[in-house]
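Notes follow the structure.
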Amino acid sequence: MNLYFRCSILLLSFISAFIIVSCSDNQKYYDVVNKNITAMETEDINLLVSTLDVHNPQYSSAKLLYTKSFEEFDYDYTIEEINVIEEKADLVKLEAIMSTKRIRKNDIRTNKYKVDYTLVGNSDVWKILKTEIKADI
């Protein structure tokens, strides 16, 4: 096989895998978590609050809590794995393996956690009701 043909097959395999993952029925749930993480990484308070359900215990204090946190810390977040563990019409539970990397003040530390997300919503809109760190890994 020539190099061009092998590269073409590899590229098509990658594109196919990406399309399959992107078209997943669960993608709408994963998108909420990714949007939340993007908001934390970019320190966008309004975007972060937009991912939370009004019944989330952090909802009313989120702006103050995260503003202070953003002033003090800077993290990179990576979702290494995420799966639906329970799905009902208006409630979904996800389990994720997340790594966080603290990058401010020459203090680079990486931690890995098991995180449970509870989302509420309907077919159109999903929000985070609860985020619970279950364990250090």
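The values are calculated or read from the model by the stated rules, or taken from the named source; none is laboratory data. These numbers come from a predicted model, not from an experiment. Heads up, the Cβs are rebuilt from the backbone with ideal geometry, glycines too, and the neighbour counts pull from every protein chain shown. For accessibility, only protein heavy atoms count, side chains too; no ligands or nucleic acids. Shrake-Rupley method; radii C 1.70, N 1.55, O 1.52, S 1.80 Å.
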*Residue identified as open to solvent by 70 Å² or more (accessible area, probe 1.4 Å) and at pLDDT below 90 among Phe18, Phe73*: Phe18
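What about Ile137, is it open to solvent by 30 Å² or more (accessible area, probe 1.4 Å), farther than 21 Å from Tyr30 by Cβ and free of Cβ contacts under 8 Å to residues at least 60 places away in the same chain?
no
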*Take the residues of the stretch 45-64 that are of a type in the set (S, T, N, Q) and open to solvent by 70 Å² or more (accessible area, probe 1.4 Å): which is farthest from Thr118 (Cα to Cα)?*
Asn46
*asked:* From the list Thr78, Thr67, Thr42, exactly one residue is touching a Lys or Arg at 6+ places or on another chain (Cβ under 9 Å) and exposed (fewer than 15 other Cβ atoms within 10 Å of the Cβ). Which is it?
replied: Thr78
*asked:* Quick check on my filter: what residues within the stretch 81-119 are modelled with pLDDT of 95 or more, open to solvent by 80 Å² or more (accessible area, probe 1.4 Å) and in contact with an Asp or Glu (Cβ under 6 Å, 6 or more places away or on another chain)?
replied: Ile85
*asked:* Being among the aliphatic types (A, V, I, L, M) and under 15 Å from the mean Cα position of the chain (by Cα) is the filter here; which residues of the stretch 86-119 pass it?
replied: Val92, Leu94, Ala96, Ile97, Met98, Val115, Leu119
